[in-house]
Amino acid sequence: MTNDKPVNLAVELGPLRLENPVMVASGTFGYGQEYAELVPPERLGAMVVKGISLEPRSGNPPPRIWETCGGMLNAIGLQNVGLRAFLEEKLPWLKPLLVPVIVNLFGNTVEEYGKLAAALDGQEGVAGLEINISCPNVKAGGMTFGSDPEMVFQVVSAVRSRTNLPVITKLTPNVTDITVTARAAQDAGTDILSLINTVAGMAVDVQTRQPRLANVVGGLSGPAIRPIALRMVWQVVQVSRVPVIGLGGIVSVEDALEFLLVGAKAIQVGTANFVNPRVTLEIIDGLEDYLRQQGLVDINEIIGTLEIPEQSQGADCR
Amino acid sequence: MLLRNAEILFNDRVSSELYHMGLLCPEIAARIQPGQFLMVRVQEGFDPLLRRPFAVHRIHHNDPPTSFEMLYRVVGRGTRLLADMQAAASLNLLGPLGRGFQVPDHDGFVLMVAGGIGIAPLPHLAETLVSSGFRGPFVLWFGGKTATELVCVKHFKDLGFAVQLVTEDGSEGRQGLVTGHLEQWLSQQGELPKVMYSCGPYPMQRLVAEMAARLGIPSQLSMEALMGCGVGACLSCSLRCRPLEDGPDPHYLNVCQDGPVFAGEEIVWE
Ligand SMILES: Cc1cc2nc3c(=O)[nH]c(=O)nc-3n(C[C@H](O)[C@H](O)[C@H](O)COP(=O)(O)OP(=O)(O)OC[C@H]3O[C@@H](n4cnc5c(N)ncnc54)[C@H](O)[C@@H]3O)c2cc1C
Ligand SMILES: Cc1cc2nc3c(=O)[nH]c(=O)nc-3n(C[C@H](O)[C@H](O)[C@H](O)COP(=O)(O)O)c2cc1C
Ligand code: FES
């Protein structure tokens, strides 16, 4: 069944067209420059840059990471150069690249999200916005925006009304039912959903009896979270009218295929970049090989083609 | 920055927990500057997940250089996996990374200070100074818990270094901590060093930096941090440094990219 015809990897996510479905995840690829010697940005489907806020942020004190079984905890504290330095120092390098650059953004208040969206709207070199809603809402006692459907609606509406760029809303897994926040983002007009952000976690040094992270708690990423991410992407795909980007623990082409099969139109690779900086290129090549092996010519032929044997449907309690 | 498989030439136990690994990788060998480091993938799988940072210990000075060495201490899972590797196996390396030591502008008195495995990056620096024609005098102060930690002393002596040893248990050299003896010794010398290079645990580095500042000696310290990427992409490896004018405070720099070598006065000690 193998074919040697050219295969198509291009996908369309609403208003966003990607040459291939493999993106890099925010916070794990800097501003692209850091890895440019090893990964030509042009080969990626899209690049999501480190999350930015209106003002520069120092981030948390160290230690900021801790390795766990098949994963890592991080509490970077959203350290970033701020909007002005991003526009003046980072964007000029990104602008000429022939790859869609997605700017990940976050605020302390709904108004800050709106201001950022307005400032980035129409900036040459910015192909879309990804809203990080996994941050504390300063006005609501520090509860994260992303865990409250009403706040999600407000944040996404604030961004949506201030930009014509494609808007991606990045959902947090730290909720009881992710389809509820997915619907809220959709109702507020997001073009695309991406999920998942990191899973809240913690680790302790039993010798010193102190937490491993100075921030006490952090976000778990890496292969350890992949089954959780995959299950959530599958759930969201069932209820979503907009395209979904899947991420969380992807380290290989098989992992990427799992997400595409359950219905993600594209995937992002995060922590795996640290382990194997060229992993995205290997996944892109691997997707072509998979299509050829399957005798297919277009990646869109496999997206959302999960086959569930009849007898295994319906059981809700396990 | 390169991503390459190196061939393990040897992986020898030097003392109870210390290992010496020789690696063949001409492209990386040709680029390494003293004080730079590598992110090593200790196995092919994903648990343990992250690469481990290691300094380059020495370059083999054939021309052009094709191989180099690491000196490492077994402290956990990753280094135990490294210790089990055999010659002829391959090891995936990302590097060379970071800003290393700066060679002084003029010849003169150079002091190096090492605590324990902090000796690792100094032979490459010492060899570079000697092969660039510097005549010194060169002095190494080297402290460890016990005598078996004090490795490659002969190598420094062969390069023309005067070596002062200190052990916590008194099994070799003076007893105590390097920083407990160094300042008094310095006060007895006719001249002060032009520069101090130091690598070791954080408390030692702090004392060295404070002493250097008191005496007006420029210091260059190789610092450690937990690292995710090693290339400046993840912002994991932060070290608190002096804030920039109207920049945010606290000001964190990345050990992997802005360092690992910092000038003593850059660091805000905590
Ligand atoms: C720039 C730099 C150069 C280094 N050079 C050397 C060297 O030449 N020789 C040597 O023996 N050691 C060196 N180290 C320390 C070495 O990286 C750690 O000992 C090693 O990562 C421990 O891994 P492990 O899995 O055995 O330990 P574990 O404790 O199981 O590791 C758990 C996690 O903590 C990290 N970690 C643990 N200790 C350290 C540490 N001291 N510094 C940074 N990360 C740590 C590991 O990388 C891993 O992510 C260097 C560290 C840095 C930052
Ligand atoms: C060090 C680090 C920094 C991150 N920074 C951001 C960020 O700024 N904004 C964001 O939306 N997600 C951030 N993330 C989350 C990732 O983009 C991704 O959602 C998560 O790590 C799960 O994917 P992975 O398992 O492939 O890493 C960060 C993750 C890590 C590990
Ligand atoms: S280890 Fe990632 S920024 Fe330094």
- State, to one decimal in nm, how far the label point of A:E42 lies from the label point of A:A214, with both points 7 Å from Cα in the Cβ direction. 4.1 nm
- Message: Suppose the chain between A:R84 and A:T179 were pulled fully straight at 0.36 nm per residue; how much longer would it get relative to their current alpha carbon spacing?
- Response: 30.7 nm
- Please report, in debye to the nearest 20, how large the charge dipole of chain B is about its Cα centre when each Lys and Arg carries +1 at its beta carbon and each Asp and Glu carries -1 there. 360 debye
- Item | Point-charge dipole on Cβ atoms (K/R +1, D/E -1) for the stretch B:2-97, about Cα centre, debye to 20 | 260 debye
- Message: Just want the answer: with Cβ charges of +1 for Lys and Arg and -1 for Asp and Glu, which residue in B:L186, B:L215, B:Y202 is farthest toward the dipole's positive end in chain B?
- Response: B:Y202
- The local net charge around A:R160, scoring Lys/Arg +1 and Asp/Glu -1 for residues other than A:R160 whose Cβ lies under 12 Å from its Cβ, equals -2
- Say the dipole of the stretch A:11-312 comes from +1 at the beta carbon of Lys and Arg and -1 at that of Asp and Glu; which of A:L220, A:L306, A:L98 then lies farthest toward its positive end? A:L220
- Message: From the helices alone, meaning DSSP H stretches of at least four residues, give me the mean residue ellipticity at 222 nm for the protein assembly as shown, per-run term -39500 (n - 2.57), in deg cm²/dmol to the nearest 500.
- Response: -6500 deg cm²/dmol
- Among A:T176, B:T146, A:T144 the positive-end extreme of the charge dipole of the protein assembly as shown (Cβ point charges): B:T146
- Please tell me the relative contact order of chain A in percent, rounded to the nearest whole number, where contacts are Cα pairs under 8 Å and at least six residues apart. 21 percent
- Treating cross-link reach as a plain straight distance, find the aspartates and glutamates whose alpha-carbon is under 14 Å from the alpha-carbon of A:K50, omitting any fewer than eight places away in the same chain. A:E34, A:E89, A:E130
- Calculated FRET efficiency for the pair A:T305/B:E270, C-beta based, R₀ 45 Å, to 0.05: 0.25
- Hey, got the average number of other protein chain Cβ atoms within 10 angstrom for residues in A:270-280? 5
- Expressed as a whole-number percentage, the relative contact order of chain B with C-alpha contacts under 8 angstrom and at least six residues apart is 17 percent
- Query: Of the listed peptides A:95-107, A:290-302, A:200-212, what is their order by residue-averaged count of other C-beta atoms within 10 Å, with the highest listed first?
  - Reply: A:95-107, A:290-302, A:200-212
- Query: Using 1/(1 + (r/R0)^6) with R0 = 51 angstrom and r between the beta carbons of A:Q123 and B:S16, what's the FRET efficiency to the nearest 0.05?
  - Reply: 0.30
- Message: Can you compute the FRET efficiency between B:R206 and A:E12 using 1/(1 + (r/R0)^6), with r the Cβ-Cβ distance and R0 = 60 Å? Round to the nearest 0.05.
- Response: 0.60
- Message: Given a 10 angstrom Cα cut-off, can you work out which residue in B:R214, B:R58, B:R240 is the most mobile in a GNM of chain B?
- Response: B:R214
- Message: Averaged across B:42-53, how many Cβ atoms of other chains sit within 10 Å of each residue's Cβ atom?
- Response: 5
- Anyone know which of A:M23, A:M232, A:M143 comes out most mobile in the 10 Å Cα GNM of chain A? A:M143
- Item | List B:L215, B:L23, ordered by accessible area with a 1.4 Å probe, largest first | B:L215, B:L23
- Message: List residues of the stretch A:109-130, by number, whose backbone nitrogen lies under 17 Å from a label position 7 Å along Cα→C-beta of A:E55.
- Response: A:109-116
- Of all GluC sites (Glu not before Pro) in the stretch B:167-198, the ones in DSSP coil with at most 16 other Cβ atoms within 10 Å are B:E168, B:E191
- Query: Under a straight-distance cross-link criterion of Cα-Cα below 16 Å, which aspartates and glutamates are reachable from B:K154, leaving out those fewer than 8 residues away in the same chain?
  - Reply: B:E127, B:E172
- Item | Length added when fully stretched, B:D158-B:R174, from 0.36 nm per residue minus Cα-Cα | 3.6 nm
- Segment B:L192-B:A87, length gained on full extension (0.36 nm per residue, minus Cα span): 33.4 nm
- Listed residue pairs exceeding 30 Å between alpha carbons, taken from A:K5/A:K95; A:K95/A:K265; A:K90/A:K265; A:K5/A:K90; A:K95/A:K139: A:K5/A:K95; A:K5/A:K90; A:K95/A:K139
- Item | the stretch A:172-318 - charge dipole about Cα centre, Lys and Arg +1 at Cβ, Asp and Glu -1, debye rounded to 20 | 620 debye
- Message: Test of the criteria: in the stretch B:119-193, which trypsin sites (Lys or Arg not before Pro) are in a DSSP loop and have at most 14 other Cβ atoms within 10 angstrom of their Cβ?
- Response: B:R135, B:K145
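The values are calculated or read from the model by the stated rules, or taken from the named source; none is laboratory data. Predicted, not measured: the structure shown is a model, and the values here were computed from it. Positions of Cβ are backbone-derived with ideal geometry, glycine not excepted, and every protein chain shown enters the neighbour counts. Surface accessibility is based on the protein's heavy atoms, side chains included, excluding ligands, DNA and RNA. Shrake-Rupley method; radii C 1.70, N 1.55, O 1.52, S 1.80 Å.
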